[in-house]
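Everything on this sheet refers to the single structure shown next.
The values are calculated or read from the model by the stated rules, or taken from the named source; none is laboratory data. Here the structure is a predicted model, which means the values were calculated and not measured. Cβ coordinates were reconstructed from backbone atoms using ideal geometry, including for glycine residues, and neighbour counts include every protein chain displayed. SASA here: full protein model, heavy atoms, side chains in, ligands and nucleic acids out. Shrake-Rupley method; radii C 1.70, N 1.55, O 1.52, S 1.80 Å.
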Amino acid sequence: MEAGREVVCGGFTTVPLSESDFPGQPYSVSVLKSGYCRPQTDGSFRADGTITLITGPRTVLVDTGGPWDRDFLLRTLRERGLGPGDIDVVVGTHGHSDHVGNLSLFQTALMIVGYDVSEGDVYRPNGLAAGHAHCIDEHVSVVPSPGHTGQHVSVQVTGTSAGTVLVAGDLFECCSDEDSWRDLSMDTAVQEVSRQEALRTADVIIPGHGLPFRVLRNS
Ligand SMILES: [Fe+2]
């Protein structure tokens, strides 16, 4: 269901969605918490990153919120019948504190943070830095999406009821972020390329600090 007005983003028409669950076969995607970023009158921001769960043959958590989300995250997973040990893969899209504040809860998971892929203290060679996707399986892959930070990654899930879903971290702040994303970017030219690729390939994008949005295509 659409939750807001269409906006033009990078030459594509996008529209915010109210739903947080995108069921599919074999993978479903659920937003456990939508991130936000709210300027305060004193010049500070209140911000938290989106937390997303991907369920199917593997259970994948994308971003863990800030340290203050610890109890929320444990409770929300428990409500879904999951404990920290049930999470197979944890992806931190980038190393900002509102996205990777609870990595330590998931000590048995394969950990992918930026371009680092590790199990325990064993770091695996991978192709992310060379621009290659790191496939979890044929439906779920971690893709390099640099710009917001130098080693930012997103997670692509194919085959949901909404089509291809991209859990995008801070590649996108929110559906209508044309006024804000550049201020938060380490490299706007690089991020613009990453954003265009996302807008070309994803049907739904889950941004780091706002509601999921659909990318409308005319064809
Ligand atoms: Fe960030």
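The single condition among (1) within 16 Å of the ligand (Cβ to nearest atom); (2) touching a Lys or Arg at 6+ places or on another chain (Cβ under 9 Å) that residue 204 does not satisfy is (1).
Kindly establish whether residue 62 is within 16 Å of the ligand (Cβ to nearest atom), more than 19 Å from residue 36 (Cβ to Cβ) and crowded, with 18+ Cβ neighbours inside 10 Å.
Working: within 16 Å of the ligand (Cβ to nearest atom): yes; more than 19 Å from residue 36 (Cβ to Cβ): no; crowded, with 18+ Cβ neighbours inside 10 Å: yes.
When the stated conditions are applied, residue 62 does not pass them.
Being open to solvent by 10 Å² or more (accessible area, probe 1.4 Å) and part of a loop (DSSP other than H, G, I, E, B) is the filter here; which residues of the range 36-49 pass it? Passing the criteria: 40, 41, 42, 43, 44. Applying the condition of being open to solvent by 50 Å² or more (accessible area, probe 1.4 Å) and among the charged types (D, E, K, R) to the range 138-194 and asking which residue is nearest to the ligand (Cβ to nearest atom) yields 183.
Assess whether residue 121 counts as being open to solvent by 30 Å² or more (accessible area, probe 1.4 Å), away from the ligand (no atom under 16 Å from the Cβ) and touching a residue at least 24 places away in the same chain (Cβ under 8 Å). Working first, answer last.
Numbers: open to solvent by 30 Å² or more (accessible area, probe 1.4 Å): yes; away from the ligand (no atom under 16 Å from the Cβ): yes; touching a residue at least 24 places away in the same chain (Cβ under 8 Å): no.
Spelling it out, it is not the case that residue 121 is open to solvent by 30 Å² or more (accessible area, probe 1.4 Å), away from the ligand (no atom under 16 Å from the Cβ) and touching a residue at least 24 places away in the same chain (Cβ under 8 Å).
Of the residues making up the range 73-92, at least one is closer than 28 Å to residue 203 by Cβ, assigned to a strand (DSSP E or B), more than 16 Å from the ligand (Cβ to nearest atom) and touching a residue at least 40 places away in the same chain (Cβ under 8 Å).
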